[in-house]
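Computed from the coordinates by the stated procedures, all read-outs in this text should not be read as laboratory data. Values in this document were obtained by computation on a predicted structure and should not be read as measured data. Cβ placement follows ideal geometry from the backbone for every residue including glycine, while neighbour counts extend to all protein chains displayed.
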Amino acid sequence: MRPITTVLFFIITLAVSTGPVNAQCKVFAERICKVELGSYVHDGNYHAAILSEGQEAELYKTFHGGQDYRLAICGDDNLPDIEFRVMDTDRNLLYTNRDDDYNITWDISVESTEQLLISVKVPAGEGNSQGGPESGCVAIMFGFREEE
């Protein structure tokens with residue numbers, strides 16, 4: 001499958017998965033990842049999903065000009081370090097935390113309104129004790145700095 005087809009398949013599969021699992025991920029995002037926004041104001045959206053080692057998901061987000069933002073990407077403790085990349089709509093790489101010791105936050109100031117692509121990936125690891133890949137919640141949170 002092409003990468004975009006894989007992502008769309010994953011999103012459709014996620015959409016029809018059970019409610020309690022998604023609710024647990026929302027709680028994870030709210031309790032664990034939201035804290036990483038620090039003094040930035042949460043935008044009110046919870047982007048969280050169950051991902052397994054080797055899986056990747058993408059999200060488009062509009063960033064408004066003249067605004068400062070913080071992205072926070074968090075994963076369950078049983079998962080390896082989550083890699084995230086921020087790209088423009090032409091898929092030009094603007095940032096990857098792989099070059100920043102897998103930092104889970106990134107602050108960005110946007111001069112003009114633009115849509116960016118955030119890609120998160122759970123690297124393939126050693127799996128769990130049953131030999132299968134580890135899986136767990138991965139959350140993407142966005143915050144903005146209030147104008148003073």
request  = Give me the net charge of ASP99's neighbourhood, meaning all other residues with Cβ under 12 Å from the Cβ of ASP99; Lys, Arg count +1, Asp, Glu -1.
outcome  = -1
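Restricting attention to segment 72-148, which trypsin sites (Lys or Arg not before Pro) occupy a DSSP loop and are surrounded by at most 10 other Cβ atoms within 10 Å? Before the final figure, lay out the partial values.
Working: sites: ARG85, ARG91, ARG98, LYS121, ARG145; in loops: ARG91, ARG145.
Within segment 72-148, the qualifying trypsin sites (Lys or Arg not before Pro) (loop, at most 10 other Cβ atoms within 10 Å) are ARG91.
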ask   = So how much slack lies between ASP99 and GLU114, counting 0.36 nm per residue of separation and subtracting their Cα-Cα distance, in nm?
value = 3.0 nm
ask   = Of LEU116, LEU93, LEU51, how do they rank once you tally other Cβ atoms within 10 Å and put the fewest first?
value = LEU93, LEU116, LEU51
